[in-house]
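Peer 1: This structure is in structure tokens; I'll ask about it shortly.
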Amino acid sequence: MRYYLLNLAMHAVILAVLILLACIFTRRNRKRKTKSVIGYFLPSLFAVLAILDLAFITAPRLMDVSSVAGRSYYYDTGEVTEVSFLKNSFTVDGKTYFINPMRLKIKVGDTVRIKHTQYSRFTAEVIDVSNSETLPSETEEKK
């Protein structure tokens with residue numbers, strides 16, 4: 001689960017940078033040092049981006065830290081309908097699951113069983129049910 005923890009840390013850093021940028025540009029606006037119209041709206045843009053990152057990425061992953069630490073996962077089974085361009089996520093029955101892109105070995109049309117966290121749907125293990133072979137996962141990486 002090193003990838004999960006690294007991803008969580010990176011999004012926490014991104015969130016902190018967005019909040020810092022919003023504060024810096026707000027201070028510039030208060031001191032009337034903003035010279036362009038675009039600079040006047042930058043604090044609002046950075047605040048909206050920070051809220052979106054917090055709501056959709058960072059907060060769900062923070063809520064799943066206890067599941068990852070306690071190794072309590074949820075299971076779903078279905079057919080893969082889409083694999084993302086960066087291979088860091090895939091869709092099964094309309095739900096998007098996230099995985100370490102270096103470990104993804106599935107393709108569209110495979111029937112898989114997914115071991116994932118509850119809120120962020122980060123995948124710990126993917127089992128190809130149609131061929132009944134286990135795909136590489138974070139747990140096998142340690143062996």
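The values are calculated or read from the model by the stated rules, or taken from the named source; none is laboratory data. Everything numeric here is computed off the predicted structure, so don't read it as measured data. Using ideal geometry, Cβ is built from the backbone for each residue, glycine included, and neighbour counts are taken over all protein chains shown.
Peer 1: Kindly indicate the residue of the stretch 37-78 that is polar (S, T, N, Q) and loosely packed, with under 12 Cβ neighbours inside 10 Å and also farthest from L18 (Cα to Cα) among those meeting that condition.
Peer 2: Ranking the qualifying residues of the stretch 37-78, first place goes to S72.
Peer 1: Could you list all residues from the stretch 72-85 that are more than 15 Å from F98 (Cβ to Cβ) and either in contact (Cβ under 8 Å) with a residue 12 or more places away in the chain or not in a loop (DSSP other than H, G, I, E, B) (or both)?
Peer 2: Y75, T77, G78, E79, T81
Peer 1: Give L54, L15 a once-over and let me know the one that is without any contact (Cβ under 8 Å) to a residue 40 or more places away in the chain and either over 26 Å from V129 (Cα atoms) or assigned to a helix (DSSP H, G or I) (or both).
Peer 2: Answer to the selection: L54.
Peer 1: Also: Being outside the structural domain of F56 (by TED's automatic domain parsing), in contact with a strand residue (DSSP E or B) (Cβ under 8 Å, 6 or more places away or on another chain) and exposed (fewer than 14 other Cβ atoms within 10 Å of the Cβ): is that true of D110 here? Break it down into steps so the answer makes sense when it comes.
Peer 2: On the way: outside the structural domain of F56 (by TED's automatic domain parsing): yes; in contact with a strand residue (DSSP E or B) (Cβ under 8 Å, 6 or more places away or on another chain): yes; exposed (fewer than 14 other Cβ atoms within 10 Å of the Cβ): no.
So D110 fails the test.
Peer 1: Something else now. For the list (1) touching a Gly at 6+ places or on another chain (Cβ under 8 Å); (2) crowded, with 17+ Cβ neighbours inside 10 Å; (3) without any contact (Cβ under 8 Å) to a residue 12 or more places away in the chain, I need the number of the one condition that S89 fails.
Peer 2: Checking S89 against (1) touching a Gly at 6+ places or on another chain (Cβ under 8 Å); (2) crowded, with 17+ Cβ neighbours inside 10 Å; (3) without any contact (Cβ under 8 Å) to a residue 12 or more places away in the chain, the one that fails is (1).
Peer 1: Only one residue in T26, T34 is not in a helix (DSSP H, G or I) and not hydrophobic (A, V, I, L, M, F, W, C), so which one is that?
Peer 2: Result of the check over T26, T34: T34.
Peer 1: Read through the list (1) more than 30 Å from Q118 (Cβ to Cβ); (2) free of Cβ contacts under 8 Å to residues at least 24 places away in the same chain, then give the number of the only condition that L21 fails.
Peer 2: Exception for L21: condition (2).
Peer 1: Does K115 satisfy the condition of being assigned by TED's automatic domain parsing to the domain that holds L20 and more than 20 Å from H11 (Cα to Cα)?
Peer 2: No; evaluated as a whole, the condition is false for this residue.
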